[in-house]
1. Tell me whether segment 34-48 contains one or more residues that are closer than 14 Å to PHE123 by Cβ and polar (S, T, N, Q).
2. Would you tally the residues in segment 113-140 being out of contact with any Ser or Thr (no Cβ under 9 Å at 6 or more places or on another chain), crowded, with 18+ Cβ neighbours inside 10 Å and part of a loop (DSSP other than H, G, I, E, B)?
3. Does PHE280 fit the bill of being in contact with a helix residue (DSSP H, G or I) (Cβ under 9 Å, 6 or more places away or on another chain) and closer than 19 Å to PRO98 by Cβ?
4. I'm trying to understand the selection: among the residues of segment 358-401, which are in contact with a strand residue (DSSP E or B) (Cβ under 7 Å, 6 or more places away or on another chain) and polar (S, T, N, Q)?
5. Given the options PHE296, PHE305, PHE322, PHE273, name the one that is under 19 Å from the mean Cα position of the chain (by Cα), of a type outside the set (Gly, Ala, Ser) and surrounded by fewer than 20 Cβ atoms within 10 Å (Cβ to Cβ).
6. Here are the criteria: (1) out of contact with any helix residue (DSSP H, G or I) (no Cβ under 9 Å at 6 or more places or on another chain); (2) surrounded by 13 or more Cβ atoms within 10 Å (Cβ to Cβ). Tell me which single one PRO7 does not satisfy.
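The values are calculated or read from the model by the stated rules, or taken from the named source; none is laboratory data. Computed from a predicted model, the values in this text were never measured in an experiment. All Cβ positions, even for glycine, are placed from backbone atoms using ideal geometry, and neighbour counts span all protein chains on display.
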Amino acid sequence: MKINTNPIKGTVDYLPAEMELRQYAIDKILKTFKQNGFLQVKTPILENLNLLTSGDSGDNQKLMFKTVKRGEKLNLDKPTLTEADITEEGLRYDLTVPLARLYAGNREKLPMPFKAIQIDESFRAEKPQRGRNRQFTQCDIDIWGDESIFAEAEILIAAMLAYKNIGLQSITLKINDRRALASIIKYVGFKEEDVNKVCISLDKLDKIGKENVIAEIAKNFSEISGIDNMAGKLLEIISSLQASGNPQELTQYGNMDEIADNLQNLITTIKQFTEVNVVFDITVVRGQGYYTGTVFECYTTTGNFNRAIGGGGRYDKMLEKFVGNSVPAVGYSIGLDPVVMLLKESGKKVCDIKIALIYNKNCTLTEVIIAKNALINKYFKDQPAVSTFLEPKNYKAFFEKLKNCNFTHFVKIDDISVIKEL
């Protein structure tokens, strides 16, 4: 039987040229984060289901991949089996919840505030589309233990510098505060316990449009008298604030002087120390329910890509569910997949020297290795890659394959001083 060699839907095989570009981006991002004082950690891709389902992760929790119990724990003979009877663990759907677990278990070993880097893969069973797969890489930085706006500023400056250092331009950073949005939601008549559910619908505004968001909110709260008017009024206020882009106008809808001032301060500071366009946008929600304060998303006009290439926010109450007391926390995640896609589409090339050393069938093993080492030593400062190949029958086809793998030069073993560009 012929085996299907395509990757599973929503996953991707990366050939050498694209993998090289991905690693280039990771290296630049990691270097930038480390230069800004963040420390790298790593968590497992598997977590207990009770951990992954303990947070307010919105639709992400619904998109979780779950694993089946093994051995004696798996009893398929039990009548009326439920999902809980056969599942035990899940693949992480983001890096934030596992980081909270790591921090909760190791606080006594870590400085306060703790500034963490995670660059790793997450998994969501969502519909694959351009720049978004079911298996994807996130480049996260988080600060635990700092409740001041300095934490947001430090994280956002580092993230915006990372975009610059990998070569992305035309960046717009949109900033909001979930407390402001919650205040407006309550201002039009919703209760405190309704806020997260309303926010999940509002997070879809750019995807499904104003009228569909109103319809979804009305459907989700159909038991409330006058829900159509409440939802309509809410969207009118949001549209007005989005048009003005002035955080000071928030004070019309409750006691939000401090929130408005913090947003303005943050916007001014990020503009001062980066080259990105920074704006207040009340429609920035973030689908995860665990956000408690500032939230942010980043977009670029490069490549006609209308989805966020990164985002994050403050989630001060997440640790309460682990240890019983809250610790302030804020984080930002760069989506590696859309970033690399945009770099590739813009023609970005990694300028490393990559040499193909071509030898003939009469060469001895020793001769080939001596020649290879001589090339590596000669170009050591430029960090070359030297790969050996037996002389091909068809040079044209061979060179084309080398170019596909980002080789830049070739040389024949009979005269390694003559290096030619491909």
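1. For segment 34-48, residues closer than 14 Å to PHE123 by Cβ and polar (S, T, N, Q): present.
2. Matching residues across segment 113-140 total 3.
3. Judged against the criteria, PHE280 is not a match.
4. Answer for segment 358-401, where residues must be in contact with a strand residue (DSSP E or B) (Cβ under 7 Å, 6 or more places away or on another chain) and polar (S, T, N, Q): SER387, THR388.
5. Of the residues listed, the single one that is under 19 Å from the mean Cα position of the chain (by Cα), of a type outside the set (Gly, Ala, Ser) and surrounded by fewer than 20 Cβ atoms within 10 Å (Cβ to Cβ) is PHE305.
6. So the condition that PRO7 fails would be (2).
Here's the yes/no breakdown for (1) surrounded by 16 or more Cβ atoms within 10 Å (Cβ to Cβ); (2) more than 21 Å from the chain's Cα centre (by Cα); (3) closer than 18 Å to SER239 by Cα; (4) among the polar types (S, T, N, Q):
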residue: ASN165; (1), (2), (3), (4): no, no, no, yes
residue: LEU168; (1), (2), (3), (4): yes, no, no, no
residue: ILE171; (1), (2), (3), (4): yes, no, no, no
residue: ARG179; (1), (2), (3), (4): yes, yes, yes, no
residue: SER183; (1), (2), (3), (4): yes, yes, yes, yes
residue: ILE208; (1), (2), (3), (4): no, yes, yes, no
residue: ASN212; (1), (2), (3), (4): no, yes, yes, yes
residue: LYS219; (1), (2), (3), (4): no, yes, no, no
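Here is a yes/no grid of residues against (1) within 19 Å of VAL278 (Cβ to Cβ); (2) of a type in the set (Lys, Arg); (3) in contact with a helix residue (DSSP H, G or I) (Cβ under 8 Å, 6 or more places away or on another chain):
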{"position": "GLY145", "(1), (2), (3)": "no, no, no"}
{"position": "ALA153", "(1), (2), (3)": "yes, no, yes"}
{"position": "ALA162", "(1), (2), (3)": "yes, no, yes"}
{"position": "VAL188", "(1), (2), (3)": "no, no, yes"}
